[in-house]
Structure formats: structure tokens, C-alpha cells
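Input: a single structure, listed below in C-alpha cells.
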Amino acid sequence: MSPPTVGPRTRPMSTTERLWIVAEHMHPPFVNQVVLEGAPGDDLSEGRLAEAMAAVSAVHPGTRLRAAGALGWSRWEQDAPAPPVLTVDGSGWDGRSPAGARFLQLPLPAATGPTTGLLRVEGGVLRLVLRSHHATMDGGGTHAVARDLVRALRGEPPRGSTLDPTTDVDLARSLQPPAFQRRPHRFGAPTGKADGSLSRTTWARRTYTGRPRRLLPRVALAIQAVSRRWTSLPISLSVPVDLRRHRPELRSTANLTGAVFLDLDTDLAQPPAAGDQQGPADRLAALLAARAASGEAGKGLVAGQPLRWLPLGWLVGLGRPFMRKEVGADRYPSSGVISNLGRMDLAALSCPGFTAQRAFWIPPASEGQRLFLTLTGGPQGVELCCTMAEAFASGGRLDALLDGVIEELDRTAV
């Protein structure tokens, strides 16, 4: 079989993106969801939103992708349906949990599309939820589309993006990453052993009104401290790294994200050098910055290339037993994911008829997920939103974890 020709309306599908399609098969939908929460009295019609979304999708080909091809020749075709705009009843949704928000489970199927969509959620306040299949976009790509949506609503030209053939592996290889070493299964889940359904997931959100320095390291340390209520195992957190930093001219909404790890027991084990006044959060921040600036974030991407030659059905069939074996042993290569999506400029996300007062990200949910926490800054403070499988959230553990993290941030505030 010869590889298909990649033309102006197609781009290669990376191995990571194929794995996110596997995640969709195991626990649909596997989507990024950025929520913009308006002010009382906001009135933004579905018609205006549809016009703006059409303008945005015309200049963001990544919003109209459909999966095609097979194995290592898989690709994205720019022929999926245009992103729909749907008004839904959110009168029973407070934006703090999935209760009253069944519309967040609406499919965005990679095989047929649409793979991007916008929800206009009516309730106590108007909320806009931009959704993208994680196989087609990462957080950086979705954020770019959200910013352009508001530009279009203000009558400004959207900046757009290109259907660039560059993949995450291309970027990783250009950084000459260090040799990959398989991570040991020695870390615990932050909320302890699984008890309940691995196939059902949930999420919860908290707002921290402080403004701590070294936010991500402080939250990581808080998770480690709170986890001691349920486990004595060490905690390791995977931190996504946007590889666009190495190619700032690249205007692509694709998955261009690698990852580095904070192994909190070993990273903090070495005593500070004599005269070093840095606290634990400062030391973790320095480690994280050094790892993100190096090629380390790409080593797992390059090492995972053989998976592109396995059929999706095989990957699903292999993934479930492997995941359940990890859960049974209560040992994992990492404890979960923590992603700092940065400060959301609410003024830049507002337009006539809609004044953004809060913004937060609901992380993608996957089967057996131990923890996926997003951090989003704004004038109101920091939004913490965490998804996990019900087996790890049961017995009030997800709520207790987030409440404990807030308490730790207050306790260690500087």
C-alpha cells in the first residue's frame, strides 16, 4: 500500500492524534471544552454566533477536519461539516460540575465530523462553550479559535491558521530529544485506590481567589500534600508543553504538545545548595522551565511512533486490559495531568451583547483517568477544573481533593 497524496486540503495525522481517536472509541466524546461565562442580561443571538462561527471556520481549516486513511497513512481531510451552533437549556447547570449539563456529552465524531462545535447555553447567565475533538486540536489551537470567534463577533477580522503539515513529532525531532526511558509503574493515584466505575467519568471546578506565585508548582505540591489522605505512594504529574514555542511562526491548531514530568519525591529529594534561598515551589518552577525549554518534552512523542502502525481496534483492545492491570496493581507511570492554560483576557473575550466574566477549561475525560486538572487565570482568581474516572472520585474524594488544594494554597500563600 502506498501513502496517499497530501494536498492543500489535507494534513498528516500524528500518532498522538490517532491515540486521541482511540480515547474517543473508549470513552466518547474526547473533547476540549472552553467555557466563557457572561454577565446577567447578556443577549447574544444564535444567528450572530452562527455568522461569527462561519467566518472563523472559513479561516481555521482545523475546525472542519475529518479522519481518513489508515495506520501510518492516516490523515485529516478538510471536508467535515461546518461547526454547528446549538442553543441548549442550561437552567439546571451551575458550571461547577456536570450536573444539569448532559449537552456536554454531545458527540463530535472524528470519522464523520463535525469535530468542532459551539454551544449557546441559556440559564441564569449566558455561557458559550467552544468544543473541539482533542484529536484535531490541542488547548493552544482551541484557544486561538475562541479568540477569533470573539473577534468576529466584534466585527474584527479573525487571524486564522493554516493546515500546516508539521506534526508534533516533526517538532520533537527538531529538538533532538534525549533517549526515551520507559517510566516505572511506581506512582499512586492522588485520591487512592479505584473504587467504582472506570468507564464513567466526572468533573468538578473550584475558584481560588488568591494570586500565588509559581502557580503550577504550588498546585502540584498541594496535590501531593492532600493525596496523603488516601495514599502513601509517590506522586508524579505530567505537564503539557506547547511545542509551538520553538516555532513561533507556526500558525496551526493541531496537536503540537509534548509533556514533561514532575516526579515530586525525587525532584524535591535533593537538599538545596548552600546559600540557596529557593523554596520547593521555586525549585520545581526552575526544573519545569528547564525541561520545557529542552527537547525533553518531545522524547515520548518520538518513542511512540511504532504505534502508528497498529490498527485503531487493536489499540482499543490492548488499551483496556493494560489500563485495568495498572488499576489492579494501583501503580502508574504518572499520577495524572496538570495543565496551566494561562491567563484568559476577559476583555478580549467580550463583545457587544456578551461580557465575559469568567473563563475555564473542562479537560477531556478518558476511561480510567486518575486526574486531569486545568488551571485558568482571570481577574476573579484561578479556576481549577478537574476530571477523573468515578472510580477515583467516589466517596466525595474529588471534591475533597479540590477543597484540600485550595486550603493548601491558602496555607502556603506568599
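The values are calculated or read from the model by the stated rules, or taken from the named source; none is laboratory data. What you are looking at is a predicted structure, and each value in this text was computed from that prediction instead of being measured. In this analysis, Cβ positions are derived from the backbone assuming ideal geometry, glycine residues included, and neighbour counts consider all displayed protein chains. Note: accessible area is taken over every heavy atom of the protein model, side chains too, but ligands, DNA and RNA are not part of it. Shrake-Rupley method; radii C 1.70, N 1.55, O 1.52, S 1.80 Å.
Any residue in the stretch 156-172 that's under 24 Å from LEU49 (Cα atoms) and in contact (Cβ under 8 Å) with a residue 24 or more places away in the chain: show its pairings with residues that are of a type in the set (Gly, Ala, Ser) and buried (at least 17 other Cβ atoms within 10 Å of the Cβ) at Cβ separation under 6 Å, as long as the two are six or more apart or on different chains.
PRO158/ALA152; SER161/SER252
Could you list all residues from the stretch 378-413 that are among the charged types (D, E, K, R) and assigned to a helix (DSSP H, G or I)?
GLU390, ARG397, ASP399, ASP403, GLU407, GLU408, ASP410, ARG411
How many residues are in contact with an Asp or Glu (Cβ under 9 Å, 6 or more places away or on another chain) and on the phi < 0 side of the Ramachandran plot if we restrict to the stretch 197-216?
13
Scan the stretch 68-85 and report the pairs whose first residue is more than 24 Å from LEU119 (Cα to Cα) and whose second residue is surrounded by fewer than 17 Cβ atoms within 10 Å (Cβ to Cβ) and hydroxyl-bearing (Ser, Thr, Tyr), with Cβ atoms within less than 9 Å and a gap of 6+ or a chain change.
Note: pairs meeting the criteria are TRP73/SER2.
Across the stretch 200-210, what is the number of residues that are out of contact with any Gly (no Cβ under 7 Å at 6 or more places or on another chain) and open to solvent by 30 Å² or more (accessible area, probe 1.4 Å)?
4
Can you find a residue that is more than 30 Å from PHE322 (Cα to Cα), hydroxyl-bearing (Ser, Thr, Tyr) and open to solvent by less than 10 Å² (accessible area, probe 1.4 Å) anywhere in the stretch 90-102?
No: the stretch 90-102 contains no residue that is more than 30 Å from PHE322 (Cα to Cα), hydroxyl-bearing (Ser, Thr, Tyr) and open to solvent by less than 10 Å² (accessible area, probe 1.4 Å).
So in the stretch 60-103, with the set limited to residues that are of a type in the set (Val, Ile, Thr) and under 23 Å from the mean Cα position of the chain (by Cα), which one is farthest from ARG154 (Cα to Cα)?
Among them, the one singled out is THR63.
Does ALA281 satisfy being touching a Pro at 6+ places or on another chain (Cβ under 6 Å) and part of a helix (DSSP H, G or I)?
Taking the combined requirement at face value, the residue satisfies it.
Would you pick out the residues in the stretch 5-55 that are more than 27 Å from the chain's Cα centre (by Cα) and among the hydroxyl-bearing types (Ser, Thr, Tyr)?
Residues satisfying the conditions are THR5, SER45.
When the residues of the stretch 350-377 are narrowed to those that are of a type outside the set (A, V, I, L, M, F, W, C) and part of a strand (DSSP E or B), which ends up modelled with the lowest pLDDT?
Among those that are of a type outside the set (A, V, I, L, M, F, W, C) and part of a strand (DSSP E or B), it is GLY377.
Here is a check on your reading of the model: is ASP410 among the charged types (D, E, K, R), surrounded by fewer than 23 Cβ atoms within 10 Å (Cβ to Cβ) and modelled with pLDDT under 95?
It is true that ASP410 is among the charged types (D, E, K, R), surrounded by fewer than 23 Cβ atoms within 10 Å (Cβ to Cβ) and modelled with pLDDT under 95.
Quick check on ALA204: is it within 30 Å of GLY95 (Cβ to Cβ) and not hydroxyl-bearing (Ser, Thr, Tyr)?
Taking the combined requirement at face value, the residue satisfies it.
Which residues, taken from the stretch 244-277, are of a type in the set (A, V, I, L, M, F, W, C), surrounded by 13 or more Cβ atoms within 10 Å (Cβ to Cβ) and either modelled with pLDDT under 95 or assigned to a loop (DSSP other than H, G, I, E, B) (or both)?
LEU250, ALA254, LEU256, LEU268
Between residues in the stretch 389-410 that are on the phi > 0 side of the Ramachandran plot and residues that are crowded, with 20+ Cβ neighbours inside 10 Å and not in a helix (DSSP H, G or I), which pairs lie under 9 Å by C-beta distance while being six or more apart or on different chains?
GLY395/THR191
Within the stretch 218-242, how many residues turn out to be assigned to a helix (DSSP H, G or I) and either in contact with a Ser or Thr (Cβ under 7 Å, 6 or more places away or on another chain) or open to solvent by less than 10 Å² (accessible area, probe 1.4 Å) (or both)?
Qualifying residue count for the region: 7.
Could you tell me whether any residue of the stretch 161-175 is within 21 Å of the chain's Cα centre (by Cα) and farther than 23 Å from ARG244 by Cα?
No, the conditions are met nowhere in the stretch 161-175.
Taking the stated definitions as given, is PRO184 open to solvent by 50 Å² or more (accessible area, probe 1.4 Å), assigned to a loop (DSSP other than H, G, I, E, B), more than 28 Å from LEU262 (Cα to Cα) and out of contact with any Leu (no Cβ under 6 Å at 6 or more places or on another chain)?
No; evaluated as a whole, the condition is false for this residue.
Select from the stretch 325-347 the residues that are open to solvent by less than 40 Å² (accessible area, probe 1.4 Å) and either over 28 Å from ALA259 (Cβ atoms) or in a loop (DSSP other than H, G, I, E, B) (or both) and list them in ascending order.
Those that are open to solvent by less than 40 Å² (accessible area, probe 1.4 Å) and either over 28 Å from ALA259 (Cβ atoms) or in a loop (DSSP other than H, G, I, E, B) (or both): ASP330, PRO333, SER334, SER335, MET344, LEU346.
Scan the stretch 124-139 and give yes if some residue there is among the charged types (D, E, K, R), assigned to a loop (DSSP other than H, G, I, E, B) and either in contact with a Cys (Cβ under 8 Å, 6 or more places away or on another chain) or open to solvent by less than 10 Å² (accessible area, probe 1.4 Å) (or both), otherwise no.
For the stretch 124-139, residues among the charged types (D, E, K, R), assigned to a loop (DSSP other than H, G, I, E, B) and either in contact with a Cys (Cβ under 8 Å, 6 or more places away or on another chain) or open to solvent by less than 10 Å² (accessible area, probe 1.4 Å) (or both): present.
Scan the stretch 11-46 for residues that are open to solvent by 20 Å² or more (accessible area, probe 1.4 Å) and touching a strand residue (DSSP E or B) at 6+ places or on another chain (Cβ under 9 Å) and jot them down.
PRO12, THR16, TRP20, GLU24, HIS27, GLU37, ASP42, ASP43, SER45, GLU46
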